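We did not get these values from a lab; they are worked out from the coordinates using the rules stated. These figures come from a predicted structure and were not determined experimentally. Because the Cβ atoms are built from the backbone with ideal geometry, glycine has one as well, and the counts that use them run over all protein chains shown.
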Amino acid sequence: MMRKMIGLAGAAALAISMSGVSHAGAGHVMAEGVMAHGAWVRLVPPVAKNSAAYVEIENTGNKVLQIESATSPVAEVVEVHQTTMVDGVMRMSEVKDLQIPVGGKVEMKPGGYHVMLISLKEPLQKGQVVPVTIKFSAGQVLTVKAKVKEAQGKMKQHNH
């Protein structure tokens, strides 16, 4: 019985390593040269068609990382966006070349970079876990499990 359990554990470890994604403790997800943690999705009213996901991504490798795309089964369209203040007006725009320097990190948070979930397929529920997959130009694929929760502070609503 013990030998069978060890064999199953080894097979599972091999499957995880072959996929390029592993879990490194609570809330941490890793792929070759990249680590993510703290993922969450903003709870929006049931009638809202858009939301945003936030996560901190750290470059643990020896090459600059560039986010190529993002996907999630809860939205028709998923894009990386940045919120900026221009002449006293908050503006949001898609970012197609977000780079993370070697040893650096990008904190996606309200009021800054975020993963925009556009045209939600159904209303999000508080506590729901939403998978968000981020693909990098060097081939890494990282899927985080982001819990839906209410935003804290001033920026409670996020519509596109």
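Of note:
- Each part gets one Cα centre, and for the range 51-93 versus the range 102-152 those centres are 8 Å apart.
- Length released on extending from E76 to I118, taking residue separation times 0.36 nm less the Cα-Cα span: 14.5 nm
- When +1 charges are put on Lys and Arg Cβ atoms and -1 charges on Asp and Glu Cβ atoms, the dipole computed for the range 25-149 relative to its Cα centre reaches about 380 debye.
- Stretchable slack from K105 to T84, in nm (0.36 nm times residue separation minus alpha-carbon distance): 5.7 nm
- Put a dot 7 Å past the Cα of V129, heading toward its Cβ, do the same for H28, and the two dots end up 1.8 nm apart.
- Additional length obtainable on full extension of the chain from R91 to Q66, 0.36 nm per residue less Cα span: 6.7 nm
- Under 5 Å between amide hydrogens, built in the peptide plane, is the criterion, and for Q128 it picks out V148 among residues at least 5 positions away or on other chains.
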